[in-house]
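Let me begin by presenting the structure, written as structure tokens, before commenting on it.
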Amino acid sequence: MTSPLRREDVAHVAKLARLSLSDAELDQFTLQLGQILEHANDMSSLDLEGVIPTAHPFGLINVVRDDVVRPSLDRDEVLAMAPDAEDGRFAVPRIMGEAP
Amino acid sequence: MTLPGEWEMVVGLEVHTELKTATKMFCGCANQFGSEPNTNICPVCLGLPGSLPVLNERAVELAMAIGVALHCRIASSTFHRKNYFYPDMPKDFQITQYDLPINSGGYLDLPDGSHVSIERAHLEEDTGKSTHLGGTGRIHGADRSLVDYNRSGVPLVEIVSAPDIRSSAHARAYAAELRGILIATGASDGRMEEGSMRIDANVSVRKPNAPFGTRCEIKNLNSLRSLHRAIDYEALRQIDVIEDGGTIRQETRHWDEIFGETSTMRTKEEAEDYRYFREPDLVDLDPNQAWQDRVRNGLPPMPAERRQKLTARLSEPSQAQLEAVEVVIDLGLENFVNAAIDAGVEPALAVARAANELAAGIEMTPNLAPEAFSATVLMEQGGALSATQSKTVLGELLASGGDPKSIAKAKGFEQLSSDSLGSTVAELIEQNPDEWARYREGDEKLAQFFIGQVMKLTKGQANGKAVIAELQARR
Amino acid sequence: MKTAHQIAIDVQSGAGSAESELERTLGVIAARNEELNVFLHVDEDGARSAAASIDARVAKGENVGPLAGVPIAIKDNMCQRGIPTTCSSRILEGWRPPYSATVIDRLLAAGAVPVGKTNLDEFAMGSSTETSAFGATRNPLDPTRVPGGSSGGSAAAVAADMTSIAVGSDTGGSIRQPAALCGLVGMKPSYGLVSRYGLIAFASSLDQIGPFAKNVMDAAILLEAIAGHDPMDSTSLPEPPPSLVAHVNDGVAGKRIALVRELVDGADPDVVASVERAVEALKDAGATIVELSIPEFRLGLSAYYLIAPAEASSNLARYDGVRYGLRVDADDVAAMNEATRTAGFGAEVKRRIMLGTYALSAGYYDAYYGQALKVRTQMIEAFKRAYLDVDLLIGATTPSVAFEFGSKTSDPMAMYLSDVFTIPTNLAGDAAVSVPFGSGEADLPVGVQLLGPGRSEAQLFAAARVLEIAEGRS
Ligand SMILES: [Mg+2]
Ligand SMILES: [Zn+2]
């Protein structure tokens, strides 16, 4: 796990994250993210085979709620905060392509 | 449809079913189809900053019910985030189950005796809905879209079959049987036209015993008819490509209902990188045995068992009667049929009236008491009502309920019974001495002549069997 | 100025009033906010009507609650209905949430008067409050220096005597580090003790809301008021909240406390000296002190800087210009999302989104995110082993006292290192408190950190109180 980060990786990640980076930002991020990943290399030397990953600090299970209707928000209040709304709905520019 | 040459299709289905809960998967908003846009929304299902999901217990139980009905193993499971940007998805990720689904490793036996393995049946949330404006009102060529989040966060179970399906008819039978099971468990209303059950189909073709070919996924098939047509179209397309010396690309395809064809949506190279990871705002789900047993014990019998039970009441059923039994089971009408049989109705007649008359008025069956159905068909069987009259009475009962005898009386059906029919038959014998003589000499075909005449005079309100009885009595 | 404890007693007894306390607070804010940039929004009208209603209730003989009439500052990553909530980001500028965080509801129920929203590092990503889109907050103790971060505004509000208490959030040290740099008591409670409902997520498995105060008693009163199960947060602890105020003076006699080498290594000498003096003070109060090395702590930073950005990259996807906040128009929706996010997020937020997206992406997950989750397991086990032998751990909160503006902004790694002592607690989901003890360079305060297992808040406050008394601050 030596710093594997290339400029095209950063460009690809920016696309996934819906961010556009200038050439200068691309260079800077390649350098900075590379440094952070290099620091993370201290973990790569560890043999963690068989260690169970922890995604959550402790083991609560089966937290559920009753299937009981609660009041919804007022539509006018919600749509008032929308950048664009029409006909009781949120308006967006054209969608290129269907949901994956 | 049979495929040309030696080709065989290999199909696996992913069926998404909305669960019939009162509220959404992670919030208390109503899970309701057809509300005014954006009226069933809150901070959680709108993905507002700071909001957190809390799992609906009923959704978990319905998912377990589906798992039990499909003979799945119910296990400890986790939730993941599936990350991709799309405007109808308010958090820009979907909460779904990934490597550890609640149900896995089941199967479904179809009425034709075939067996389809179920890989998994997992919980996930639905997205909102976009309407496209400008152009043709479809997504392509639209100039903007409007989004309604009422459906956002509605609980779904995604049921993934193994690639065990071998024809479009087989796929259709699987989907229909699955739909029956979903309805029987109470998990879903199975209304495909409202989008509460949606199907993606993975289709490939091969020569017998050859390894599986490259598959294409057809998204969002919203009726059994589309499923059937899309699979056939896609298999033929793939065969054409291969026979022309081409190769199939793994891709996601869109089914166009109007043009009856599939087209490329996204190639494998353009596939999203979903960056799945554990949903940190939810804890693990690990239903203990007691909880599982409670769900298991609360389940009514499934369609296959009910079908078998009802078929057993018919002696040597014909193909048409077996099909009628399927209709009765699909529509959940066996309480009517069983009540009628128990009251002395001929099983075949009870099944036929349910599969035709009740099926035609299925949405009105809440008006009809099983006793009223039994009484009507019993009157028909006894000759007090003709078949046509019986159907008319059933129609009336479905429309507005009531008592079959009073309805028959009000319609004037009663006078035709006994006395009135007897005098009509006597009159006809007098008017047609030649035919009557031939009948008396044993020409049974002439019974049909007399029945026809009686029907003409009574405007179809007589019972054929009763006419024959009258003729026999005078022979 | 008065403590929160004293204000509540005075308001409840009629010796003072919520309205006069509020006017004093608004006066200090008016005098100093322009210079220090502490509050992004002051809700004068809302606070005045809340204060008036408290006074009216007191007049009717009602018991208003443990924070009766106490003005409080709220970090601007907690939703308050109708009040602008920005996370110090352009992408949420002007947004007024249609709902309130559970913490806000609890504060109101306890009689507190929220006066406004305080500055933070954008989306709580930073350790100096310099990444705020609305300008840096200045440290009231030395306006040429940072107040720490990300809860720098909340810390500065208390340090500048604007309010006696404030709430912040701590994902990797964002309460304890600014508390240390501003000379305050600040606690990161056990994960799940305080509801996160309405706290705008940075890294969901690490975020936790907690108190800032001038002294231990006020911090305990505040935490007790906001702690407790919330059915709106699936990760909320199910059991009743601990009793804290009653145990503040329990002391440390008979406790075993370990000085952890990894929690002082690399710290400035004056910081180390303060920790050593604190150890002596605890010993004097009857604690047994042992020394311990927990090598896993050295890996915390690496694990944290993959886990937190990974979660953040997903949590911050929703800022897409569709439903609320900023939208930068474009031809199609994907281009609009991209233009909005590019214009709306600052450099540090983009850096972490990029890092997290990369760590989760196909082909890299196992090497980075997956490996970090395993290190997290090891961290938790290392803590558990330590707590088999001792009750609490002690070390420094930060490697240095408050640093100067711009001294770490050009080198992200240098900035990240200022969280090196606080991060292990977040990874484990445990509790820790920073308490001011002694001073260092330029006579600026040093924070000593006490760490305990999950649900050890009462013990931590009791130990912090021992140090407070040893410093002559009763
Ligand atoms: Mg799915
Ligand atoms: Zn909702």
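The values are calculated or read from the model by the stated rules, or taken from the named source; none is laboratory data. All values reported here derive from a predicted model rather than from experimental measurement. Positions of Cβ are backbone-derived with ideal geometry, glycine not excepted, and every protein chain shown enters the neighbour counts.
Some notes on this structure:
- Residue B:14 passes every criterion in (1) more than 30 Å from residue A:94 (Cβ to Cβ); (2) within 16 Å of ligand 1 (Cβ to nearest atom) apart from (1).
- Members of the range C:9-61 that are among the hydroxyl-bearing types (Ser, Thr, Tyr) and either under 20 Å from residue C:75 (Cα atoms) or in a helix (DSSP H, G or I) (or both): C:13, C:20, C:25, C:49, C:53
- A single member of C:172, C:153, C:148, C:186 is in contact with a Pro (Cβ under 6 Å, 6 or more places away or on another chain) and crowded, with 24+ Cβ neighbours inside 10 Å, and it is C:148.
- Filter pass, residue B:187 being assigned to a helix (DSSP H, G or I) and either surrounded by fewer than 21 Cβ atoms within 10 Å (Cβ to Cβ) or touching a Lys or Arg at 6+ places or on another chain (Cβ under 8 Å) (or both): no
- Residue list for the range B:72-99, restricted to those being within 16 Å of ligand 1 (Cβ to nearest atom), in a loop (DSSP other than H, G, I, E, B) and out of contact with any Phe, Trp or Tyr (no Cβ under 9 Å at 6 or more places or on another chain): B:86, B:89, B:91
Per-residue answers, yes or no, for (1) of a type in the set (Asp, Glu); (2) over 13 Å from residue B:153 (Cα atoms); (3) within 13 Å of chain C (Cβ to nearest Cβ):
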position: B:64; (1), (2), (3): no, yes, no
position: B:68; (1), (2), (3): no, yes, no
position: B:84; (1), (2), (3): no, yes, yes
position: B:89; (1), (2), (3): no, no, yes
position: B:102; (1), (2), (3): no, yes, no
position: B:112; (1), (2), (3): yes, yes, no
position: B:120; (1), (2), (3): no, yes, no
position: B:125; (1), (2), (3): yes, no, no
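- Note on the range A:80-95: residues that are facing chain B (nearest Cβ under 7 Å), within 19 Å of residue C:320 (Cβ to Cβ) and not aromatic (Phe, Trp, Tyr) amount to 7.
- Every residue from the range C:374-401 that is assigned to a helix (DSSP H, G or I) and either crowded, with 24+ Cβ neighbours inside 10 Å or in contact with a Leu (Cβ under 9 Å, 6 or more places away or on another chain) (or both): C:374, C:375, C:376, C:377, C:378, C:379, C:380, C:383, C:386, C:387, C:389
- Of residues in the range B:151-184 being within 16 Å of ligand 2 (Cβ to nearest atom) and not in a loop (DSSP other than H, G, I, E, B), the one nearest to the chain's Cα centre (by Cα): B:156
- Residues satisfying the stated conditions in the range A:23-77, i.e. exposed (fewer than 15 other Cβ atoms within 10 Å of the Cβ), within 30 Å of residue A:88 (Cα to Cα) and acidic (Asp, Glu): A:66, A:74, A:76, A:77
- Residue list for the range C:402-414, filter: part of a loop (DSSP other than H, G, I, E, B) and without any contact (Cβ under 8 Å) to a residue 24 or more places away in the chain: C:407, C:410, C:411
- Pair list, Cβ under 9 Å, 6 or more apart: the range C:91-103 residue on the phi > 0 side of the Ramachandran plot, other residue hydroxyl-bearing (Ser, Thr, Tyr): C:94/C:86
- If you filter the range B:27-69 down to residues that are of a type in the set (A, V, I, L, M), within 27 Å of the chain's Cα centre (by Cα) and away from ligand 1 (no atom under 16 Å from the Cβ), you find that the one that is farthest from residue B:106 (Cα to Cα) is B:30.
The rows are residues; the columns are (1) surrounded by fewer than 23 Cβ atoms within 10 Å (Cβ to Cβ); (2) of a type in the set (D, E, K, R); (3) modelled with pLDDT of 95 or more.
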site	(1), (2), (3)
C:180	no, no, yes
C:199	no, no, yes
C:202	no, no, yes
C:213	no, no, yes
C:217	yes, no, yes
C:253	yes, no, yes
C:262	yes, yes, yes
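- Qualifying positions in the range B:13-52 - more than 9 Å from ligand 2 (Cβ to nearest atom), closer than 20 Å to residue B:93 by Cα and within 7 Å of another protein chain (Cβ to nearest Cβ): B:38, B:47, B:48, B:49, B:50, B:52
- Residue B:73 basic (Lys, Arg), closer than 21 Å to residue A:61 by Cα and within 8 Å of another protein chain (Cβ to nearest Cβ): no
Residue by residue, here is whether (1) at pLDDT below 95; (2) within 7 Å of chain C (Cβ to nearest Cβ) holds:
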position: A:8; (1), (2): yes, no
position: A:15; (1), (2): no, no
position: A:20; (1), (2): no, yes
position: A:26; (1), (2): no, no
position: A:35; (1), (2): yes, yes
position: A:47; (1), (2): yes, no
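- In this entry, residue B:129 passes the filter for residues that are on the phi < 0 side of the Ramachandran plot, basic (Lys, Arg) and either buried (at least 22 other Cβ atoms within 10 Å of the Cβ) or away from ligand 1 (no atom under 16 Å from the Cβ) (or both).
- Residues satisfying the stated conditions in the range C:55-96, i.e. among the acidic types (Asp, Glu) and either surrounded by fewer than 19 Cβ atoms within 10 Å (Cβ to Cβ) or touching an Asp or Glu at 6+ places or on another chain (Cβ under 8 Å) (or both): C:55, C:62, C:93
- Consider the range C:271-310 and keep the residues that are in contact with a helix residue (DSSP H, G or I) (Cβ under 7 Å, 6 or more places away or on another chain) and β-branched (Val, Ile, Thr). The one that is nearest to residue C:415 (Cα to Cα) is C:307.
- Residue check for residue B:292: in a helix (DSSP H, G or I) and within 14 Å of chain A (Cβ to nearest Cβ): yes
To keep it simple, each residue is scored yes or no on (1) over 14 Å from the mean Cα position of the chain (by Cα); (2) under 19 Å from residue C:155 (Cβ atoms).
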{"position": "C:196", "(1), (2)": "no, no"}
{"position": "C:199", "(1), (2)": "no, yes"}
{"position": "C:205", "(1), (2)": "yes, no"}
{"position": "C:209", "(1), (2)": "no, yes"}
{"position": "C:217", "(1), (2)": "yes, yes"}
{"position": "C:231", "(1), (2)": "yes, no"}
{"position": "C:235", "(1), (2)": "yes, no"}
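- Checking C:198, C:192, C:210, C:286 one by one, the residue that is away from chain B (no Cβ under 14 Å) and on the phi > 0 side of the Ramachandran plot is C:286 and no other.
- The single condition among (1) crowded, with 21+ Cβ neighbours inside 10 Å; (2) within 15 Å of ligand 2 (Cβ to nearest atom) that residue B:101 does not satisfy is (2).
- Within the range C:277-323, the set of residues being within 30 Å of residue C:84 (Cβ to Cβ) and in a loop (DSSP other than H, G, I, E, B) comprises C:316, C:317, C:318, C:319, C:320, C:321, C:322, C:323.
- For residue B:377, the criteria (1) in contact (Cβ under 8 Å) with a residue 40 or more places away in the chain; (2) part of a helix (DSSP H, G or I) hold in every case but one, which is (1).
- Test: residue in the range C:324-337 that is assigned to a helix (DSSP H, G or I) and more than 10 Å from chain A (Cβ to nearest Cβ): no
- Hits in the range B:141-174 (condition: away from chain A (no Cβ under 13 Å) and within 16 Å of ligand 1 (Cβ to nearest atom)): B:156, B:157, B:158, B:159, B:160, B:161
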